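Remarks on the structure that follows.
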Amino acid sequence: MAMQASPSTFIPSRVKTSPLLFSTTNTTNTTSIKMMKKKKKSNLSTIKANSTLNETILVASPSPESSSSVVSHPTQPIMKRVTTDSLQYESGYLGAVPEKSPDFNDSTKNGDSPTLQSYLTNILTSKVYDVAIESPLQFATKLSQRLGTNIWLKREDMQPVFSFKLRGAYNMMAKLTREQLDRGVICSSAGNHAQGVALAARKLGCDAVIVMPVTTPEIKWKSVERLGATVVLKGDAYDEAQAHAKQRSELEGRTFIPPFDHPDVIVGQGTVGMEILRQADESLHAVFVPVGGGGLIAGVASYLKQVSPKVKIIGVEPADANALALSFHHGQRIMLEQVGGFADGVAVKVVGEETFRLCRELVDGVVLVSKDAICASIKDMFEETRSILEPAGALALAGAEAYCKFYGLKGENVVALTTGANMNFDRLRLVTELADVGRQREAVLATCIPEEPGSFKKFCELVGSKMNITEFKYRYDDREKEALVLYSVGLHTVCDLTAMVERMVSSKLKTKNLTSNALVKEHLRHLVVGSSLSKVPNERLFQFVFPERPGALMKFLDALSPRWNISLFHYRSQGETGANVLVGIQVLISELDEFHSRASSLGFDYTDETYTSLRDLLML
């Protein structure tokens, strides 16, 4: 079994259900594996590994913002479909440590894949500086003082298009022949890759077509047009836009520029790693890199691990978009069934083929972080530099902070790549709401109080003078003996919060800490609550993801209403990535098959939340 070193201890790096290391409990084909940190008596983390995969498929064209690599590999493995929650561990823990491939240096088994030496040579001779700047490596004074570790920010958000993506796009396009450039280039993207290709095309004097989904916000596609590219809006989802781009590529002879899975793109992104070593005055403990399709981390690792092999290369993924961690865990690329869209710049269902080959050999592991932690790091970055990062751009910083806190790292030098600042203004409200939760400065709780005079005063007295109530949701219901109260409190210390909950419980007021419950933070804290949903006959709770486009709500209602009664509805916009919608619908058990058939026909992602902890809360 491979082992990984942490700053203070050794922890098993791969999840294996050995009875000597783990205690397991099987529930609905899910194995909960509890690992113990040697220097802590509490559980280190809980990792859920699916014992039964839902299905296996052969994939020719993987995921959002992905493309098939031009690198020739002898065999295409069967790709497994898995859920994001089949592998979760505590934020900051360096998990999913890959087992190195014995065939990595075997040219007979890797086809014409480039060698590490060729990656190093091409990074050193890249022409990316025709369009890109050497972004500064900036010391984060406030963060470093707070964490006791030297935090350095690699400011890729300061590039001309506010993202690192132009490096890879230009490096690939600069290698095209004049004849290829004259035929033009094409790509599919709803984000930073589109602007990188457009800027590179303007510099190289070639025609660029950028295919974007029709749901792309006007501010984004107009930014691409201003760079001189032709924007084509096609399809409701990215997959449709990508298919159209590839079709036009073949019909018109244009070169398709993939966002990450191409050696020349990887080389371009690898120049970031070259700059880090050139700029760093002291030895580095680790470099934290955000992971979507894997192009950036593959490029950075290809350089750093050859020039300075002792530096850890740590990937950071959102907990609900953990394609690389799960690929490491299964020993092969997997496809996520659903992917969280909050950090839309890394919302990728399948990592690249060539990027995975490199990452499996060179990356030290993956840190997972929550949406709250990302929001907290966006706020940290603003307070540090007065710059506002997009969620994917703050991902590596969130991972670095969590890692330093988890391992108690002190006095070391760590680098976090701040990779993008294309933030949409309408998302700032959500970031602001979740930032204090991510910093553990606010807690969300639920308490049942009796419906009687004086109960609210008693509740406030139990909260205590040390705790400040920042939000309170309550609605009187004369049909009930108890009312469910949702509220938030500003935290002073964890001990203060624990003491408050103990006061509530000792006074026979049932209380739950819901700070880590995503559904509560997303929906329930914004509803006026009172009576329990358990009293609504045949009610089931579902969470749908509505695309951000006109007619989405009516399409939903046409499919499900008036066939079933809608008993609860809460819409929570996520900006251009769509909206999360919590819906209560009265459906008989005998009608469930029909319901799922109609719901699936919508083409919207949805999950049944009827038996989650949210339902348990409402049945207090």
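Quick note: the coordinates plus some simple rules give every number you see, no bench work behind them. It should be emphasised that the depicted structure is a prediction, and the values quoted were computed from it without experimental measurement. Because the Cβ atoms are built from the backbone with ideal geometry, glycine has one as well, and the counts that use them run over all protein chains shown.
Overview of results
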{"item": "Segment T115-Q586, length gained on full extension (0.36 nm per residue, minus Cα span)", "result": "163.7 nm"}
{"item": "Size of the stretch 537-618 as Cα extents on the principal axes (Å, biggest first)", "result": "34, 27, 17"}
{"item": "Sum of side-chain charges, E502 neighbourhood, beta-carbon under 14 Å (Lys, Arg +1; Asp, Glu -1)", "result": "+4"}
{"item": "Per-residue HN-Hα couplings for the stretch 78-85 [Karplus 6.51, -1.76, 1.60; θ = phi - 60°; Hz; x = Gly/Pro]", "result": "5, 9, 8, 9, 9, 9, 5, 7"}
{"item": "Proxy reagent accessibility, fewest Cβ within 10 Å first, across R563, R360", "result": "R563, R360"}
{"item": "Exposure proxy order (Cβ contacts within 10 Å, fewest to most) of S126, S302", "result": "S126, S302"}
{"item": "Extent along principal axes [Cα atoms of the stretch 339-448; Å; largest to smallest]", "result": "50, 37, 35"}
{"item": "Full-stretch length increase - Y129, N565 - with 0.36 nm per residue and alpha-carbon distance subtracted", "result": "151.0 nm"}
{"item": "Ranked E594, E442, criterion: other C-beta atoms within 10 Å, fewest first", "result": "E594, E442"}
{"item": "Extension gain (nm, one decimal) between E461 and K175, 0.36 nm per residue minus Cα-Cα", "result": "96.0 nm"}
{"item": "Amide H partners (placed H, <5 Å) of V351, local residues excluded", "result": "I334"}
{"item": "Alpha-carbon spread of the stretch 121-279, three principal axes, descending order, Å", "result": "56, 36, 25"}
{"item": "By average C-beta atoms within 10 angstrom, highest first, the peptides 407-415, 367-375, 162-170, 425-433", "result": "162-170, 367-375, 407-415, 425-433"}
{"item": "5 angstrom amide H check on Q338, placed H, neighbours 5+ away", "result": "T84"}
{"item": "Distance between modelled label sites at L428 and D236, nm, 7 Å Cα→Cβ extension", "result": "3.2"}
{"item": "Amide hydrogen neighbours beyond the local backbone of N468, cut-off 5 Å, H modeled", "result": "G490"}
